[in-house]
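The values are calculated or read from the model by the stated rules, or taken from the named source; none is laboratory data. All values reported here derive from a predicted model rather than from experimental measurement. Methodologically, a virtual Cβ is constructed for each residue, glycine included, from the backbone with ideal geometry; neighbour enumeration extends over all protein chains shown. These accessible areas exclude ligands, DNA and RNA; they are computed on the full protein's heavy atoms, side chains included. Shrake-Rupley method; radii C 1.70, N 1.55, O 1.52, S 1.80 Å.
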Amino acid sequence: MAKRVHYNATDHISEDTAEDPYLRPSFSIPVKLRRFIWNSCWLFFYRISPRPLHSWRALLLRTFGAKLGPNCHFYPGSKIWAPWNLVCADQVTVGDGAEIYNPAPMHFGSHAIVSQCAYVCGATHDFDNPAFPLLAFSMVIGPYAWICARASVGPGVNVGEGAVLGLGSVATRDLDPWVVYAGAPAVKIKERQR
């Protein structure tokens with residue numbers, strides 16, 4: 001699946017905001033305000049909630065626009081950059097310390113798992129453009145996929161159904177369905193039994 005740029009800061013932020021292109025903001029004031037409100041909610045209500053209260057954290061995410069199927073388990077130490085860009089099927093799990101940076105829509109299939117301290121990155125910068133604008137990508141983490149602890153999924157990388165990204169590995173290209181990957185950059189190790 002090809003990378004799909006969903007958001008390019010140059011299309012949304014005026015060049016007049018700063019003389020130096022590196023000082024231009026990546027997001028508008030309304031987006032920054034929405035993020036401030038969400039971060040305050042995360043700090044005071046989400047992060048301090050007891051571990052078993054998955055339904056409470058799911059309610060908070062839904063309040064901010066997340067579309068979640070039943071029985072999703074988001075642990076209190078997990079971080080979601082923009083709940084309004086989060087779409088999850090049933091039984092998605094995101095562990096403590098895991099971070100989902102999703103300035104563009106990110107879809108998680110049924111029973112997808114993002115383990116402790118893993119990082120799913122949905123944006124980068126166009127380093128060939130003198131303005132260095134932020135580019136955000138729509139991404140899909142397939143059903144039954146597992147992003148193991150401390151693993152990282154790069155911007156615009158899609159993870160196929162049942163794919164496994166091993167401990168501390170870095171996915172820089174799309175991961176095929178039902179294949180186990182490991183390393184930095186991640187390479188195919190073996191087929192996964194269905």
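Here are a few things to note about the model shown:
- Residue in the stretch 148-161 that is open to solvent by less than 50 Å² (accessible area, probe 1.4 Å), touching a His at 6+ places or on another chain (Cβ under 9 Å) and under 20 Å from Val87 (Cα atoms) present: no
- Across the stretch 166-194, the qualifying residues are those that are more than 13 Å from Ala118 (Cβ to Cβ) and among the hydrophobic types (A, V, I, L, M, F, W, C), and the one among them that is surrounded by the most Cβ atoms within 10 Å (Cβ to Cβ) is Leu175.
- Every residue from the stretch 28-43 that is over 12 Å from Leu60 (Cβ atoms) and among the aliphatic types (A, V, I, L, M): Ile29, Val31, Leu33
- A single entry from Phe27, Phe74 fulfils the requirement of being surrounded by 14 or more Cβ atoms within 10 Å (Cβ to Cβ), under 24 Å from Phe137 (Cβ atoms) and in contact with a helix residue (DSSP H, G or I) (Cβ under 6 Å, 6 or more places away or on another chain): Phe74.
- First in the stretch 39-61 and over 17 Å from Val92 (Cβ atoms), second anywhere and basic (Lys, Arg), Cβ under 9 Å, 6 or more apart: Trp42/Lys79; Phe45/Arg57; Arg47/Lys79; Ser49/Arg57
- Any hit, the stretch 54-64, residues being modelled with pLDDT of 95 or more, within 24 Å of Phe137 (Cα to Cα) and in a strand (DSSP E or B): no
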